[in-house]
Amino acid sequence: MATIKDRVVETLRTLYDPEIPVNIYEIGLIYEVNVADDDSVHVLMTLTSPMCPVAESLPPEVEQKVAEIDGVTGAKVEVNWDPPWDPDLISEAA
């Protein structure tokens with residue numbers, strides 16, 4: 001059976017950055033996924049740039065999608081700019 005973290009990663013792989021046709025997980029926008037003892041989830045992520053067209057909409061969308069996962073008791077997304085996103089963060093799978 002998939003863990004909550006596995007289901008979160010699976011969900012993140014369904015969300016795409018509109019500028020690059022790769023999901024936000026494989027593109028390297030997700031820095032951390034942490035599941036607390038109470039099954040709440042904290043996602044630390046970045047964006048390709050502060051001027052990204054979805055800078056205002058993507059983090060809340062991620063938070064909503066994660067919160068909707070069965071078994072998740074709450075979700076919080078934190079956007080971090082350090083280190084800044086770089087194309088080297090794109091996974092080999094992408």
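The values are calculated or read from the model by the stated rules, or taken from the named source; none is laboratory data. Model, not experiment: these values are computed from the prediction. Here Cβ is always computed from backbone atoms with ideal geometry, including for glycine, and neighbour counts include all displayed protein chains. Accessible surface areas use protein heavy atoms only, side chains included; no ligands, DNA or RNA. Shrake-Rupley method; radii C 1.70, N 1.55, O 1.52, S 1.80 Å.
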- Task: Tell me the label-point distance for the pair E68, A2, using the 7 Å Cα-to-Cβ offset, in nm and rounded to one decimal.
- Result: 1.4 nm
- Residues whose modelled amide H sits under 5 Å from the amide H of V77, counting only those 5 or more places away in sequence or on another chain, are V43
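How much length would be gained if the chain were fully extended between W81 and D38, taking 0.36 nm per residue of separation minus their Cα-Cα distance, in nm to one decimal?
Once the chain is fully extended between W81 and D38, it gains 12.7 nm.
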- Counting pairs of alpha carbon atoms under 8 Å apart in space and at least six apart in sequence, what relative contact order in percent does the chain give? 31 percent
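With a 1.4 Å probe and every protein chain kept in, tell me what percent of the accessible surface of the chain is carbon plus sulfur.
Of all accessible area on the chain, carbon and sulfur atoms account for 50 percent.
Taking DSSP loops as anything outside H, G, I, E and B, show the longest stretch in the chain free of GluC sites (Glu not before Pro) there with at most 10 other beta carbons within 10 Å. Please list the in-between numbers first.
Numbers: sites that count: E56, E68, E92.
The reported range is 1-55.
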- Query: Taking a probe of 1.4 angstrom, what is the accessible area of D88 in Å², to the nearest 10?
  - Reply: 140 Å²
- Item | the chain: angle of helix 58-67 to the longest principal axis, Cα-based, in degrees nearest 10 | 20 degrees
- Tell me, what is the per residue accessible area of the chain in Å², probe radius 1.4 Å? 59 Å²
